[in-house]
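These notes are about the structure you will find just below.
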Amino acid sequence: MNTSRYIYLDNAATTKMDERVIEVMNEHFKTSYGNSSSLHSIGQKAAQTLVKSRETIASLINAKREEIIFTSSGTEADNIAILGAAAKNQTRGKNIITSTLEHHAVENTCKNLKKKGFSITFLPVDKYGLIDTKELEDMITDETILISIMFANNEIGTIEPIKEIGAIAKKHDVLFHTDAVQAFGKIPIDVEAMNIDMLSASAHKLYGPKGVGMLYLRNKGVRESGGKFIEPIMYGGGHEKDMRPSTVNVPGIAGFAKAVELAKNEMPKEIEIQTNYRDKIIKNVLGKIRDTYLNGHPTKRLPNNANFGVRFIEGESIVLDLDSVGIAVSTGSACSSKSLDPSHVLLAIGLKPQEAQGSLRVTVGRFTTDDDVEYFLEKLPPIINRLRKMSPLKSK
Ligand code: PLP
């Protein structure tokens, strides 16, 4: 690794924390150390921090503060939503509809339910990674209790037609959960306008701390007894409306709220800047390096995501060579990038296993600069040329 200059273009895997978030967390580590369930004043100070944080986070997605359940991660939020909805509604039906593009946090949770007697419908996606809403509606049966489809994909950046999915779910009175871990804080989300019942998010994808997440859980009020349409999957103290027991991570949550406040204020500007970087990277890679193609939708994609297929070489070699000149990117998804299996997302959009091995994900972020993009675009072509010369798969 070149330590004199290091360019981080792997913001979909995780982000560097914003200094302004670190500052807020440091303050709360010192002052909000009380247990938010305690009656004394230091406990109540922590409780107030929680109330304010809930309000800030809820406001980003047009939710109410009592609809935010803090968790330890996006993965935990996905588990609480899916396993909780399955447990609560199994007497009504045992079918869950999801997509072939989901993050493992949703995919493996659904596969686990399958072992327990639920039927899981994996909705296919087109070559861009988009689901077909007509097909979704056709797949709903009397047995369907939950639709779980991600807001935006972590590998190829494709943004799903969430508003249309929400309308279909509402029409058929089926619960709708969306894993918005990649979209939250990056593009506008409105849980009311989009008819979302449950939504998962994670602080570390928006310049906040790792190990802090949340589940938005619609308060259905009089429609469901006590407003609850999921069952807890963990038991303990009554924290987070009985949905996520354990002493609450107040400094981490205060950091999450600061990250959300910054994302909310900076979103229009960041969308513009990052879309420009993304499009410059896409144009240059496709235009200047032969035998490359774009994975994901050309326009319905996250502002920060570019994902390429690079023929005749493996993505892993490109990642290692780029790292040696001080650039971090990835191949496949963050969690599966150590596995030799081709990415299930790339297979789902129709790539052959060998093609899927040659993927390169470049995700810009808040701290990316013009120079970073220039440096990446200068270093990538010679690396690909060199690897292709050595590759047994090459076309030459
Ligand atoms: N869902 C998606 C779409 C993700 O990209 C990730 C992380 O990569 C997760 C869920 C898991 O989030 P966490 O790392 O907070 O468990």
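The values are calculated or read from the model by the stated rules, or taken from the named source; none is laboratory data. Computed from a predicted model, the values in this text were never measured in an experiment. Note that we place each Cβ from the backbone using ideal geometry, even for glycine, and neighbour counts take in every protein chain shown.
Examine the stretch 314-336 for a residue that is surrounded by fewer than 19 Cβ atoms within 10 Å (Cβ to Cβ), at pLDDT 95 or above, away from the ligand (no atom under 16 Å from the Cβ) and assigned to a loop (DSSP other than H, G, I, E, B), and state whether such a residue exists. Yes, some residue in the stretch 314-336 is surrounded by fewer than 19 Cβ atoms within 10 Å (Cβ to Cβ), at pLDDT 95 or above, away from the ligand (no atom under 16 Å from the Cβ) and assigned to a loop (DSSP other than H, G, I, E, B).
Close Cβ contacts (under 6 Å, 6 or more residues apart or on different chains) running from residues in the stretch 54-75 that are of a type in the set (S, T, Y) to residues that are part of a loop (DSSP other than H, G, I, E, B) and within 16 Å of the ligand (Cβ to nearest atom) comprise T71/R244; S72/G211.
How about the stretch 134-149: which of its residues are within 29 Å of N305 (Cα to Cα) and surrounded by 17 or more Cβ atoms within 10 Å (Cβ to Cβ)? Once the filter is applied, which keeps residues that are within 29 Å of N305 (Cα to Cα) and surrounded by 17 or more Cβ atoms within 10 Å (Cβ to Cβ), the stretch 134-149 yields L136, L146, I147, S148, I149. For the stretch 101-118, the candidate set comprises residues that are part of a helix (DSSP H, G or I) and either among the aliphatic types (A, V, I, L, M) or more than 23 Å from A180 (Cβ to Cβ) (or both); within that set, the residue that is nearest to the ligand (Cβ to nearest atom) is A105. Return yes when E160 is within 10 Å of the chain's Cα centre (by Cα) and under 24 Å from I282 (Cα atoms) and no when it is not. No. There is at least one residue in the stretch 50-61 that is outside any loop (DSSP other than H, G, I, E, B), β-branched (V, I, T) and over 22 Å from the mean Cα position of the chain (by Cα). Scanning the stretch 68-100 for residues that are within 16 Å of the ligand (Cβ to nearest atom) and among the aliphatic types (A, V, I, L, M), which turns out farthest from G208 (Cα to Cα)? So, considering only residues that are within 16 Å of the ligand (Cβ to nearest atom) and among the aliphatic types (A, V, I, L, M), the one farthest from G208 (Cα to Cα) is L83. Can you confirm whether the stretch 38-56 contains a residue that is crowded, with 22+ Cβ neighbours inside 10 Å and within 16 Å of the ligand (Cβ to nearest atom)? Looking for residues that are crowded, with 22+ Cβ neighbours inside 10 Å and within 16 Å of the ligand (Cβ to nearest atom), one finds none in the stretch 38-56, hence no. Which one is nearest to A356 (Cα to Cα), of the residues in the stretch 175-190 that are crowded, with 22+ Cβ neighbours inside 10 Å and away from the ligand (no atom under 11 Å from the Cβ)? By that ranking, first place goes to K186.
For the stretch 303-313, check the following and say yes or no: at least one residue is modelled with pLDDT of 95 or more, closer than 23 Å to H204 by Cα and of a type in the set (F, W, Y). No.
Among the residues here, I131 does not qualify as closer than 22 Å to A13 by Cα and either in a loop (DSSP other than H, G, I, E, B) or within 16 Å of the ligand (Cβ to nearest atom) (or both).
Counting the residues of the stretch 250-295 that are crowded, with 20+ Cβ neighbours inside 10 Å and part of a loop (DSSP other than H, G, I, E, B) gives 1. Against the numbered list (1) away from the ligand (no atom under 16 Å from the Cβ); (2) crowded, with 24+ Cβ neighbours inside 10 Å; (3) more than 25 Å from I140 (Cα to Cα), A169 comes up short only at (3). Filtered by the rule that a residue be in a helix (DSSP H, G or I) and buried (at least 24 other Cβ atoms within 10 Å of the Cβ), the stretch 62-83 gives G74, A77, D78, I80, A81, I82.
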